[in-house]
Every structure is written in C-alpha cells, then in structure tokens.
Amino acid sequence: MATTQIVEFDDSAALILPPELLEGLQLTVGDTVYLTETPEGCRLTTNVPNLVGDEAGNGAPPR
C-alpha cells in the first residue's frame with residue numbers, strides 16, 4: 001500500500017506516485033494507467049480493466 005497526494009497541475013489535478021511504487025509496478029513517466037471505481041474504493045491498474053458485470057461498481061465505464 002502507498003499513499004499519495006492530489007496536486008494542482010495547470011487547470012487539472014495530478015497524483016504523485018512515489019518512486020518505489022513506480023519501480024514496483026514497472027511504470028515510467030508517460031505510461032498509461034487505468035483508474036476504476038469499485039464498491040471497495042478505487043483500483044489502479046496498468047491493464048485495460050474488464051468492465052463486464054459489477055467490477056466497476058455498476059457495470060458502467062469509469063467516469
């Protein structure tokens with residue numbers, strides 16, 4: 001588990017990912033990640049999420 005902050009970035013917001021999390025997930029700047037809502041909270045993955053059924057909370061694509 002890792003904690004992060006949401007910071008202002010231009011007219012948007014960004015998540016700061018700690019270096020150890022980037023290394024553990026083998027991510028680098030510019031990689032695509034997917035954030036989906038689940039009944040338990042949010043899920044961050046490097047794979048395209050399977051939104052069939054109830055995995056996204058209600059079967060709908062993420063907002």
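The values are calculated or read from the model by the stated rules, or taken from the named source; none is laboratory data. This one's a predicted model, so the numbers in the text were calculated from it and none came from an experiment. FYI the Cβ positions are ideal-geometry reconstructions off the backbone, even for glycines, and counts take in every protein chain you see. For accessibility, only protein heavy atoms count, side chains too; no ligands or nucleic acids. Shrake-Rupley method; radii C 1.70, N 1.55, O 1.52, S 1.80 Å.
Just a few scattered comments:
- Region 9-29, residues that are touching a strand residue (DSSP E or B) at 6+ places or on another chain (Cβ under 8 Å), in a strand (DSSP E or B) and open to solvent by 80 Å² or more (accessible area, probe 1.4 Å): Leu15
- Qualifying residue in region 30-43 (condition: of a type in the set (A, V, I, L, M, F, W, C) and out of contact with any strand residue (DSSP E or B) (no Cβ under 7 Å at 6 or more places or on another chain)): no
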